[in-house]
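Worksheet for the structure shown next.
The values are calculated or read from the model by the stated rules, or taken from the named source; none is laboratory data. Remember, predicted model here, so these are calculated numbers, not experimental data. Cβ atoms come from the backbone with ideal geometry, glycine included; neighbour counts cover every protein chain shown. Note: areas computed on protein heavy atoms with side chains; ligands, DNA, RNA excluded. Shrake-Rupley method; radii C 1.70, N 1.55, O 1.52, S 1.80 Å.
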Amino acid sequence: MKTIYTNRLLITLTILFTSVVYGSAQLTNTSYFMKTYSNRTSLNPALRPEQPYLGMPIVLNNVYADVKTNTLNLDHLTFPRNGELLSFMHKDVSADQFLKGISNNNRLNMDVSYSLFSLGWFKGSGFWNVDFNIKAHADASVPYSAFELMKKGFAMNEPSYYNVKDTRVKANAYAEIGVAHSRPFLDNHLVLGAKAKLLLGFADFDAYIRDLQVNAGLDEWIIRSHATLQASAPGIRPEFDEEDKLDKFQWKEGFGIPGVGFGFDLGATYSLAGLADLTCGTPADILERLTFSFALTDLGLISWSKGNTSNLYSTLEDQVVTGNFEMDFNDKDNSSLKEDLDKIKDTLEEIIKFKEGASKGRTTGLRTNMNIGLEYEILKNLLSAGLLSTTHFNSMTNVTETTLGVTYRPVQWFEGALSYSFVHSRFDTFGLALNFVPTRGVHFFLASDYIIPHVNSEFIPVSSKGVNIQLGLSIPLGARR
C-alpha cells in the first residue's frame, strides 16, 4: 500500500499558496498565431499547421509548465533582515507588515502537461491529428482571514475571534487520448474543427472549508467548522488515529484508472474576406488580411468510481479544544518558512476533525478555456499582428487575459513571435516564441509568455505574477501546405 500522510498534504498545499494563481492549463498564448507551430490545434482545433508531423516522447514531443499568482508571491511570505530571510511568522515581522501585502482573496493555479505522442496529417482538404497527453493541475483560493489567523491567532496574547470562509484547494491528474479533425468551408474562408477526447483519471483531491469559526482563548479554543474533503485514487481509504483524527490516506500499489470520462474541443476560424460583398466602406484588401477565430477547449467530465473515492466532512458543531496553542516562533535560531508551516499544520490538525461520509462516486468537470482571436496580416506570409482574449472557467473563479502578439517569419525555416499580456501586467509580461521548422530533420519549439520572470532557484515566482515555459520537438512528415 502507498500512503499519503496528512501533514505532507497540508505542507504541500500550503507551499502551493506561496507560489501561484490565475489562469488554466493550455499552451502559451504567444504561440496562438504561429502558422508553423505543429501543436496549435490544442489551442483551437481549427488552427492547422503547415506540415504533417510526428511527435514522440523519445524526442521530447511537447512539455508545458505554468505557475501564476494574482497577488501573493514568495516575497510576501519572507522578509530580509540583516542578511537573513525571515519567515512571515517570525517575531521580528509584524502582523501589519505581513498582512498589508495579502489581498482579500489569494488564488492559485499550477499546471503541467506532457505529450507522449502526437501525429497530424492532411487527407484531401481535411486535417487529422491524434495525441496522447498527461496533465496535472492544482488550484487554490485562500482568503485574507486565513493568513490573519495564522499570524495573529497562532501566537495570541489575548482572546480573539476569526471566521475563515471559502478556502479551497483542488488538484488532479489524468491522461487524455484525443482525435481531432478540421475542414474548410465557404471557399476556404471558414474552417471548422472538433476534437473528441477519452479521459483516464489518475487522482483527484478537493478540500473545501466552507466555514471555519474560531473563538481563540488563552487556554482553550471553541471551534465550529463546515468542511469537506473528497479524494479519488486507486482504492483510496482514509485512516484515523486513536483520537479519531484523520491521520493518512492509503491506496493500492500499481497502476489504476479510478476515473473515466469524455471531453471535447470545438473551434472555428473565419477569413473576413468572405464578408467583402456584404460590407460597405471597408476596402476588400483590409478584410482579406483579417481572420477571426473562436474556440472552446476542455469541455468534459470525469466520473470517479465508488470504490476509488473517499468522502470526508466536518459539520458545524461546537467543539472545545484545550491546550496551549501559543506556538513558539521566537527560537534563538531563525526557523525556516517550511518549519513554520509545519507548526501551523500541526495546529490545523487540531482544528478540523473530519468524519467519513457515505461511500459514493463523484463527477468532476474539466477547466474549460475560451479563446477569441483576431489576426491582421501586415505582410503576406511574413508579418502579422493579433489580439487574443483567453478566458479560463473553473469552480473558483473565471479569469480573462488579453494578449497582443506579433509574428514574424523572415525565412521559410524560422518563425518567431513576441507578445504582451495585460492581466498580469507589471511591464514584465512580455512573451517570446521561437519555432525552427526546416523542411527535413527536426522541428524545435521554445516559448514563454513571461520572458522576464523574477523567480528563485526552485522556479517559484518571487515577485512576478506568472511564469511558464513550453518546449518540444517534432518530425515533419511531408511538404508544406
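Carbon and sulfur together cover what percent of the accessible area of the stretch 104-177 at a 1.4 Å probe radius? Let's see the in-between values first.
Details: 1750 of 2880 Å².
Accessible surface attributable to carbon and sulfur in the stretch 104-177 totals 61 percent.
For Ile372 paired with Ile177, estimate the spin-label separation in nm (one decimal), with each label point 7 Å from Cα along the Cα-to-Cβ line.
3.6
Using amide H atoms built in the peptide plane, which far-off residues or other-chain residues are under 5 Å from Ala203 H to H?
For Ala203, whose amide H was placed from the backbone, the distant partners under 5 Å are Ala173.
Give the relative contact order (percent, whole number) for the stretch 149-300; include only Cα pairs under 8 Å separated by 6+ residues.
Reported relative contact order: 22 percent.
Just flag the GluC sites (Glu not before Pro) in the stretch 215-247 sitting in loop per DSSP whose Cβ has no more than 12 other Cβ atoms within 10 Å. Working shown, then result.
Details: sites: Glu220, Glu239, Glu242, Glu243; in loops: Glu242, Glu243.
Passing both the DSSP loop test and the Cβ count: Glu242, Glu243.
Go through the stretch 431-446 residue by residue and turn each phi into a ³J(HN,Hα) via Karplus (6.51, -1.76, 1.60, θ = phi - 60°); whole Hz please, and just put x for glycine and proline.
x, 9, 10, 10, 10, 9, 10, x, 4, 10, x, 9, 8, 10, 10, 9
In whole Hz and in residue order, list the ³J(HN,Hα) couplings for the stretch 100-107 that follow from phi through the Karplus curve 6.51 cos²θ - 1.76 cosθ + 1.60, θ = phi - 60°; x for Gly and Pro.
Running phi through 6.51 cos²θ - 1.76 cosθ + 1.60 with θ = phi - 60° gives 5, x, 9, 8, 5, 9, 9, 10 Hz.
How much length would be gained if the chain were fully extended between Gln213 and Tyr313, taking 0.36 nm per residue of separation minus their Cα-Cα distance, in nm to one decimal?
Answer, rounded to one decimal: 34.4 nm.
³J(HN,Hα) across the stretch 88-93 via Karplus (A = 6.51, B = -1.76, C = 1.60, θ = phi - 60°), whole Hz, x for Gly/Pro?
4, 8, 5, 5, 7, 9
What is the spin-label model distance, in nm, from Glu84 to Asn381 if the labels are put 7 Å beyond Cα along the C-beta direction?
My value for the distance between the label points is 6.6 nm.
Suppose R0 equals 22 Å. What FRET efficiency, 1/(1 + (r/R0)^6) with r the Cβ-Cβ distance, do Leu477 and Asp187 give to the nearest 0.05? Don't skip to the answer; put the middle values down first.
Details: r = 28 Å, r/R0 = 1.26.
Once the sixth-power term is evaluated, E becomes 0.20.
Using the heavy atoms of the protein chains and a 1.4 angstrom probe, tell me the accessible area per residue for the stretch 100-227 in square angstrom.
41
Residues in the stretch 194-225, backbone N under 13 Å from the label point at Phe262 (7 Å along the Cα-to-beta-carbon vector): list them, ranges by number please.
Those under the cut-off are 195-199.
Can you list residues whose amide H is under 5 Å from Gly361's amide H, if they're 5+ apart or on another chain and H is modeled 1.01 Å from N?
Result for Gly361 returns Lys306.
Grab the Cα-Cα distance for Leu99 and Glu356, subtract it from 0.36 nm times how many residues apart they are, and report the gain in nm with one decimal.
Details: separation 257, 0.36 × 257 = 92.52 nm, distance 3.53 nm.
Value of the extension gain: 89.0 nm.
Roughly how many nanometres apart are two label points built 7 Å out from the Cα toward the Cβ at Phe444 and Asn163?
Using points 7 Å along Cα→Cβ, the separation is 5.9 nm.
Pop the C-beta distance of Ile286 and Glu243 into the FRET formula with R0 = 60 Å and round what comes out to the nearest 0.05.
It comes to 0.25.
Give Lys91/Lys152; Lys68/Lys170; Lys135/Lys170; Lys151/Lys248 a once-over and call out the pairs whose C-alpha atoms are over 18 Å from each other.
Lys151/Lys248
For Thr368, enumerate residues with amide H under 5 Å from its amide H, sequence gap 5+ or separate chain, H modeled in the peptide plane.
Residues meeting the amide H criterion: Phe393.
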